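The values are calculated or read from the model by the stated rules, or taken from the named source; none is laboratory data. Model, not experiment: these values are computed from the prediction. Methodologically, a virtual Cβ is constructed for each residue, glycine included, from the backbone with ideal geometry; neighbour enumeration extends over all protein chains shown. Accessible surface is based on the protein model in full, side chains and every heavy atom, while ligands, DNA and RNA are left aside. Shrake-Rupley method; radii C 1.70, N 1.55, O 1.52, S 1.80 Å.
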Amino acid sequence: MIETGKIREHFPILDRKVWGKPMIYLDNTATTQTPREVVDEVCRMYYTEKANVHRGVHCLSQEATASMEAAREAARRFIGAESADEIIFTRGTTEGLNLVAASYGELLNPGDEVVLTVMEHHSNIVPWQLMAARRGVVIKVVPILPDGSLDMDAFRRLLGSGRVRLVSVAHVSNVLGTVNPVAEIAALTHEAGAVLCVDGAQAVAHCAVDVRALGADFYAFSSHKMYGPTGVGILYGRRSLLEAMPPYQGGGEMIGHVSFTEGTTWAALPYKFEAGTPDFVDAAAFVKAVEFIDRTGMENIAAHEHELLEYATARMTTEIPGMRIFGTAPGKSAVISFLIGNAHHYDTGVLLDRQGVEVRTGHHCAQPLMEALGIEGTVRASFAVYNTRAEVDAFIDALQRAAAMLL
Ligand code: PLP
């Protein structure tokens with residue numbers, strides 16, 4: 001059971017007002033808010049431990065390095081990876097996916113196929129398109145069924161070509177809330193002799209993730225979507241794959257030895273993929289976000305968000321005229337994308353904002369999905385552990401007032 005009152009005490013921002021109204025923050029899919037202990041850790045690092053990592057023999061540098069490596073270990077444990085060497089710090093999910101596309105892409109040949117799904121975020125589409133143009137690789141796309149779940153029969157058919165080398169799929173859709181059957185996708189992908197890359201951006205704050213149990217070969221996520229600081233993310237990669245891949249960026253830290261005459265060699269994992277000074281301050285603070293989730297309990301978080309999802313969905317469908325919800329797959333995550341009749345999503349978003357309700361509007365970086373749904377965009381409300389039933393009530397009231405003006 002979640003005691004939201006106690007949890008909210010950790011998030012000072014939730015007490016603020018917008019347009020003179022109490023703020024109701026329902027844009028958690030874009031970014032979650034950050035508990036005080038994470039912000040305090042950022043301050044602690046700047047006030048007491050700021051020194052460049054990995055390169056210093058002095059005390060401060062060694063302390064900063066220890067904090068960063070503790071963060072790597074926390075990330076390893078959080079997603080059940082076998083070794084901390086398989087944990088690469090990135091700027092976020094986007095950079096993790098770009099790394100895999102650019103580096104693993106170097107191992108692909110003209111005519112090889114990469115399978116994506118129509119529900120992907122642009123960050124799990126465009127890096128593959130860039131790579132495909134360079135390498136002559138062909139991209140295939142799995143469609144969705146009317147409820148927003150993946151068309152697994154179509155997926156099986158695409159795998160049948162015998163040319164698929166990699167599949168990259170969202171664990172959870174940022175628009176539909178669909179939770180994709182990653183373990184089943186992994187089994188089918190491996191059977192076809194391909195590797196599986198998972199975009200975990202929308203999963204890690206909402207359900208327990210075990211990369212080995214899932215069978216993911218790569219798994220990318222962002223700290224800022226799981227109560228952590230901005231600017232840092234994690235890419236998990238299976239050791240044997242990472243070892244075979246060329247570096248993504250060159251620079252300090254990622255080398256073994258640099259020579260103009262003898263050529264340059266690479267550092268061991270994970271440093272081969274971490275060129276330059278990493279965001280070690282935010283990496284250290286990321287640990288506090290993991291601790292916050294652990295203390296609260298992922299099962300408790302998931303149950304709380306599910307209850308809010310069911311309550312909000314039931315009230316929206318029965319009480320708001322013209323309500324159209326996109327994404328109704330069983331077991332979906334706490335994301336509700338919707339339109340009120342034919343009202344433009346921006347108009348609805350502005351009317352909600354003026355009442356203190358912060359929701360996202362637009363194509364949500366998923367234009368191919370919008371095209372498949374035959375719409376330009378949606379309004380999206382998404383829940384986190386600190387949201388309450390009273391906030392859902394206020395959201396419904398605000399929606400009723402918006403609908404009265406729009407329809
Ligand atoms: N993938 C999904 C499913 C997302 O929802 C997002 C962000 O909204 C991203 C990737 C990109 O995350 P970031 O901007 O943190 O790199």
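Details
- Taking the stretch 158-188 as the range and being small (Gly, Ala, Ser), outside any helix (DSSP H, G or I) and away from the ligand (no atom under 16 Å from the Cβ) as the test, the residues that pass are Gly160, Ser161, Gly162.
- Cβ-Cβ distances below 6 Å connect the following pairs, each with a first residue in the stretch 188-212 that is under 21 Å from Val142 (Cβ atoms), a second residue that is β-branched (Val, Ile, Thr) and within 11 Å of the ligand (Cβ to nearest atom), and a separation of six or more residues or different chains: Ala201/Thr93; Gln202/Val172; Ala203/Val172.
- The single condition among (1) open to solvent by less than 30 Å² (accessible area, probe 1.4 Å); (2) more than 16 Å from the ligand (Cβ to nearest atom) that Trp128 does not satisfy is (2).
- Test: residue in the stretch 130-138 that is assigned to a loop (DSSP other than H, G, I, E, B), free of Cβ contacts under 8 Å to residues at least 12 places away in the same chain and not polar (S, T, N, Q): no
- Wholly enclosed helices (runs of 4 or more DSSP H) of the stretch 1-120 bearing at least 2 residues of a type in the set (Asp, Glu) and open to solvent by 20 Å² or more (accessible area, probe 1.4 Å): 36-48, 59-79
- The stretch 294-315, residues that are surrounded by 15 or more Cβ atoms within 10 Å (Cβ to Cβ) and of a type in the set (Lys, Arg): Arg315
- Here Ala285, Ala244, Ala216 are screened, and the one residue that is touching a Gly at 6+ places or on another chain (Cβ under 9 Å) and touching a residue at least 60 places away in the same chain (Cβ under 8 Å) is Ala285.
- Residues within the stretch 316-347 that are farther than 24 Å from His206 by Cα, crowded, with 17+ Cβ neighbours inside 10 Å and β-branched (Val, Ile, Thr), tallied: 2
- When every residue of the stretch 265-274 is checked against the conditions, none turns out to be of a type in the set (A, V, I, L, M, F, W, C), over 25 Å from Gly56 (Cα atoms) and either in contact (Cβ under 8 Å) with a residue 12 or more places away in the chain or within 16 Å of the ligand (Cβ to nearest atom) (or both).
- Pair list, Cβ under 7 Å, 6 or more apart: the stretch 92-117 residue under 18 Å from Val182 (Cα atoms), other residue away from the ligand (no atom under 16 Å from the Cβ) and assigned to a helix (DSSP H, G or I): Val114/Ala132; Val115/Leu158
- Taking the criterion of being of a type in the set (Ser, Thr, Tyr) and either under 18 Å from Thr29 (Cβ atoms) or assigned to a helix (DSSP H, G or I) (or both), the residues of the stretch 230-246 that qualify are Thr230, Ser240.
- The listed residues are Asp210, Asp279, and the only one of them that is within 16 Å of the ligand (Cβ to nearest atom), surrounded by fewer than 22 Cβ atoms within 10 Å (Cβ to Cβ) and at pLDDT 95 or above turns out to be Asp279.
- Scanning the stretch 215-229 for residues that are outside any loop (DSSP other than H, G, I, E, B) and of a type in the set (Gly, Ala, Ser) turns up Ala220, Ser222, Ser223.
- For Gly162, the requirement of being surrounded by fewer than 24 Cβ atoms within 10 Å (Cβ to Cβ) and closer than 15 Å to Ala366 by Cα is not met.
- Only listed residue being within 16 Å of the ligand (Cβ to nearest atom) and either of a type in the set (Gly, Ala, Ser) or modelled with pLDDT of 95 or more (or both), chosen from Thr318, Thr361: Thr361
- The stretch 148-170, residues that are of a type outside the set (Asp, Glu), free of Cβ contacts under 8 Å to residues at least 40 places away in the same chain and closer than 30 Å to Ala334 by Cβ: Leu150, Met152, Ala154, Arg156
- Enumeration of residues in the stretch 87-118 that are among the aliphatic types (A, V, I, L, M) and more than 9 Å from the ligand (Cβ to nearest atom): Ile87, Ile88, Leu99, Val100, Ala101, Ala102, Leu107, Leu108, Val114, Val115, Leu116, Val118
- Residue within the stretch 54-77 that is more than 22 Å from Arg212 (Cα to Cα) and of a type in the set (Val, Ile, Thr) present: yes
- Within the stretch 91-129, the only residue that satisfies the criterion of being under 21 Å from Leu369 (Cβ atoms) and among the aromatic types (Phe, Trp, Tyr) is Trp128.
- Selected residue (criterion: most open to solvent (accessible area, probe 1.4 Å)) from residues of the stretch 348-407 that are polar (S, T, N, Q) and assigned to a helix (DSSP H, G or I): Gln367
- Which listed residue is surrounded by fewer than 23 Cβ atoms within 10 Å (Cβ to Cβ) and of a type in the set (Gly, Ala, Ser), from Gly177, Gly233, Gly256, Gly228: Gly256
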